[in-house]
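Single-structure report; data block below.
The values are calculated or read from the model by the stated rules, or taken from the named source; none is laboratory data. As the structure is a prediction and not an experimental result, all values here were calculated from the model. Glycine also receives a Cβ, built like all others from the backbone with ideal geometry; neighbour counts cover every protein chain displayed.
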Amino acid sequence: MAVATVPRRRRSYRGWQFVGPFMIVFALVFLAPIAYAIYLSLYRNRLIGGNAFVGLDNYTQVLQDSQFWSGVGRVGLFLVVQVPIMLFLALLVALALDSGRLYGKSFFRVSIFLPYAVPAVVAALMWGFIYGSQFGLIGNLNDALGITLPDPLKPSLILASIGNISTWQFVGYNMLIFYSALQVVPKSLYESAAIDGAGQVRIIRSIKLPAIRGALVIATIFSIIGSFQLFNEPAILRNLAPNAITTYFTPNFYAYSLTFSGQQINYSAAVAVVMAVITMIVAYVVQLRGTKDL
Amino acid sequence: MTTTLQAPPVKKAPTMRNTRKRRKGSVTLTVLTALMAVYSLFPLAWLLINSTKTQAGLFSSFGLWFDDGKFALFSNIADTFTYNDGIFLRWLGNTAIYVVAGAGGATFLALLGGYGLAKFDFVGKKAVFAIVIGAVAVPPTALAVPTFLMFSKMGLTNTPWAVIIPSLISPFGLYLMWTFAAQAVPTEMLEAARVDGAGEFRTLFRLSVPLLMPGIITTLLFTMVATMNNYFLPLIMLKNPDWYPLTVGLNSWNSQAATAGGEAVFNLVITGSLITVVLLLAAFLSLQRYWQSGLAAGSVKE
């Protein structure tokens, strides 16, 4: 082996033998599709003249497309309602686990985390059955009690029903992230705060929450990205509720429908690009606000 | 041969740290947390109960209790595996292939990449970091349609590769391995190995990998969940049911009832879902101590 006579130069490229493979595949499955989507979005397939460069026409159309915006609005509503509820519940459970005052702590930790291990498709199928008015639990309850519960699959409730599925799946995951972050807070801090006369609520507000702020921001960003991607649940529940879930229910579902039912791949690419940009902006703003004055 | 003298393990004196009386448990808090646990577990209980029912029994019996006198779990399991010439087994096998190749490959690439980022200074490191962090914000499903269009140009659609290749990249896995490698692998050890003339890859696999094991298993678990969860990607990439993973297959059984002349096999959808969940839970619970410590390490550094 050649002795490193010029160690500085050698060292300066050595890391690439490790990072290189990741970056090559990354370029193929992340960067190339982004570039290809941008390229596609600048063209349009016309009946006469074939594929023609149209500049930003597709984008102007997306920005004026009421179906696209209704999807964005739905996802936005989902985000401002479901994400806070889910994270709040997760935080409560994490604080309860961390309080040391819980009986059967490890049972709770594992059982609340379990839904995370259930694939989204299976979760959606399962909840779809439960929501169903035929042999679903809602139908059973209606028969047994002689009442008529609101149909969770009707258009005005479908978004809430989907929100419930997502909450069910991810409360435990977020709970575990918060709980892990809480565990590395030095316990002596609580003791000295208690000596100073601080109550539990005060300890939570002044010590615990600031200590896990990083984990809160990360969890929020992941949840936001997750909401913008909403596809599986509406796609699967659509079998049960074809009238409540339109082909443009979420922006993602819209891009999918445009490509596979509408054959409008150029327009679909523009939708995907606009959606990606919106997600990045929202995630970035949250990150900026979350890490400010840390 | 050298024998190193080891000091006899020193018995740790019982620490005096927790002499303070432990706070008493709270019943109210436990009951409230139990409500959350009930919410988390009851759909799974529903799944378990209803997998014991026949297709007819599903409609005639109460959802949260067994169908009187008929216990069809074993015939349901048998039917699930034999329906449509045993295609469920094929889907199970496909899922196993996608998970092993996709999650295994993703973990390997994340291990190499995270280790490289944590332990080497190299030209372009900042750029790598910026590109990867930027890409994390791009929703993978927004990429799926362009990836499909690109793969169909390359003739890769409707092959297992179309599912495996996009699964190979896990930015979150890279982040996990990076924080792990930064904490767990001492730089002095690498320097010493270099002085001894060991190659970089030899050093990684012989010395660093054992130290990184908890991180590797955590990354493996998360990428496994991601690959098992994959629905959108295989749905658009694959036309031939022979290549379906379980998720796409189960939903195709579920939706066949809605098509003209399609047979309703909800009992098989439910039993198939149960089998899928049981397999995943078994994997998760048996590797519990790894992912719990792993998550802790992943969330410390921010």
> (1) buried (at least 17 other Cβ atoms within 10 Å of the Cβ); (2) among the small types (Gly, Ala, Ser); (3) over 26 Å from B:ALA181 (Cβ atoms); (4) at pLDDT below 90: which one isn't true of A:GLY71, the others all being true?
Replying inline: (4)
> Considering A:PHE260, A:PHE228, A:PHE170, which residue is at the interface with chain B (Cβ under 8 Å from one of its Cβ atoms), within 28 Å of A:MET280 (Cβ to Cβ) and crowded, with 20+ Cβ neighbours inside 10 Å?
Replying inline: A:PHE228
> If you scan region A:261-283, which residues turn out to be in contact (Cβ under 8 Å) with a residue 24 or more places away in the chain and among the hydrophobic types (A, V, I, L, M, F, W, C)?
Replying inline: A:ILE265, A:ALA269, A:ALA270, A:VAL271, A:ALA272, A:VAL273, A:VAL274, A:MET275, A:ALA276, A:ILE278, A:VAL282, A:ALA283
>> Every residue in region A:247-260 that is assigned to a helix (DSSP H, G or I) and touching a residue at least 24 places away in the same chain (Cβ under 8 Å), please.
In response: A:PRO251, A:ASN252, A:PHE253, A:TYR254, A:TYR256
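Being farther than 30 Å from B:ASN267 by Cα, touching a residue at least 60 places away in the same chain (Cβ under 8 Å), surrounded by 15 or more Cβ atoms within 10 Å (Cβ to Cβ) and among the hydrophobic types (A, V, I, L, M, F, W, C) is the requirement here; does A:LEU182 meet it? Give the derivation first.
Numbers: farther than 30 Å from B:ASN267 by Cα: yes; touching a residue at least 60 places away in the same chain (Cβ under 8 Å): yes; surrounded by 15 or more Cβ atoms within 10 Å (Cβ to Cβ): yes; among the hydrophobic types (A, V, I, L, M, F, W, C): yes.
It is true that A:LEU182 is farther than 30 Å from B:ASN267 by Cα, touching a residue at least 60 places away in the same chain (Cβ under 8 Å), surrounded by 15 or more Cβ atoms within 10 Å (Cβ to Cβ) and among the hydrophobic types (A, V, I, L, M, F, W, C).
Kindly evaluate A:ALA193 against the criterion of being surrounded by fewer than 20 Cβ atoms within 10 Å (Cβ to Cβ), away from chain B (no Cβ under 13 Å) and either free of Cβ contacts under 8 Å to residues at least 24 places away in the same chain or farther than 30 Å from B:ALA135 by Cα (or both). First the steps, then the outcome.
Working: surrounded by fewer than 20 Cβ atoms within 10 Å (Cβ to Cβ): yes; away from chain B (no Cβ under 13 Å): yes; either free of Cβ contacts under 8 Å to residues at least 24 places away in the same chain or farther than 30 Å from B:ALA135 by Cα (or both): yes.
The answer is yes for A:ALA193.
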> Does region A:203-222 contain any residue that is within 8 Å of another protein chain (Cβ to nearest Cβ), in a helix (DSSP H, G or I) and polar (S, T, N, Q)?
Replying inline: no
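Of the residues A:ILE165, A:ILE204, A:ILE236, A:ILE212, which single one is more than 30 Å from A:ALA120 (Cα to Cα) and at pLDDT 85 or above?
Matching residue, one of A:ILE165, A:ILE204, A:ILE236, A:ILE212: A:ILE204.
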> So B:GLY197 fits all but one of (1) on the phi > 0 side of the Ramachandran plot; (2) crowded, with 22+ Cβ neighbours inside 10 Å; what number is the exception?
Replying inline: (2)
>> Which of the numbered conditions does B:LYS239 fail, given that it passes all the others? Conditions: (1) modelled with pLDDT of 90 or more; (2) assigned to a helix (DSSP H, G or I).
In response: (2)
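Conditions (1) out of contact with any His (no Cβ under 6 Å at 6 or more places or on another chain); (2) of a type in the set (D, E, K, R); (3) surrounded by fewer than 20 Cβ atoms within 10 Å (Cβ to Cβ); (4) farther than 29 Å from A:MET275 by Cα, marked per residue:
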| site | (1), (2), (3), (4) |
| --- | --- |
| B:PHE129 | yes, no, yes, no |
| B:MET154 | yes, no, yes, no |
| B:PRO166 | yes, no, no, no |
| B:PRO171 | yes, no, no, no |
| B:ALA182 | yes, no, yes, yes |
> Taking B:PHE172, is it among the aromatic types (Phe, Trp, Tyr), within 30 Å of B:TYR98 (Cβ to Cβ) and more than 9 Å from chain A (Cβ to nearest Cβ)?
Replying inline: no
> outside any helix (DSSP H, G or I), within 13 Å of chain A (Cβ to nearest Cβ) and either in contact with a His (Cβ under 6 Å, 6 or more places away or on another chain) or touching a residue at least 40 places away in the same chain (Cβ under 8 Å) (or both): does that describe B:ALA264?
Replying inline: yes
> Mind checking whether some residue in region B:60-74 is of a type in the set (Phe, Trp, Tyr), facing chain A (nearest Cβ under 8 Å) and assigned to a helix (DSSP H, G or I)?
Replying inline: no
> When region A:202-225 is examined, which residues are found to be among the charged types (D, E, K, R) and either touching a Pro at 6+ places or on another chain (Cβ under 8 Å) or crowded, with 19+ Cβ neighbours inside 10 Å (or both)?
Replying inline: A:LYS208
>> Can you confirm whether A:ALA244 is part of a loop (DSSP other than H, G, I, E, B), over 18 Å from A:GLY290 (Cα atoms) and modelled with pLDDT of 85 or more?
In response: yes
>> Suppose we filter region A:99-144 for residues that are more than 29 Å from the chain's Cα centre (by Cα), more than 7 Å from every other protein chain (Cβ to nearest Cβ) and within 20 Å of A:PRO155 (Cα to Cα); how many remain?
In response: 2
> Can you name the number of the only condition in (1) aliphatic (A, V, I, L, M); (2) within 11 Å of chain A (Cβ to nearest Cβ); (3) more than 21 Å from the chain's Cα centre (by Cα); (4) assigned to a helix (DSSP H, G or I) that B:MET177 fails?
Replying inline: (3)
> If the Cβ limit is 7 Å and pairs must be 6+ apart or interchain, which residue in region B:36-61 that is modelled with pLDDT of 85 or more pairs with which residue that is among the small types (Gly, Ala, Ser) and not in a loop (DSSP other than H, G, I, E, B)?
Replying inline: B:ALA37/A:SER111; B:SER40/A:SER111; B:SER40/A:GLY172; B:LEU41/A:SER111; B:LEU47/B:SER273
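Specify which of the listed residues (A:ASN164, A:ASN142, A:ASN174) is in a helix (DSSP H, G or I) and free of Cβ contacts under 8 Å to residues at least 12 places away in the same chain. Can you show your working first?
On the way: A:ASN164 fails: free of Cβ contacts under 8 Å to residues at least 12 places away in the same chain; A:ASN174 fails: free of Cβ contacts under 8 Å to residues at least 12 places away in the same chain.
Checking each option against the conditions leaves just A:ASN142.
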> Can you spot a residue in region A:70-91 that is assigned to a helix (DSSP H, G or I), of a type in the set (Ser, Thr, Tyr) and away from every other protein chain (no Cβ under 14 Å)?
Replying inline: yes
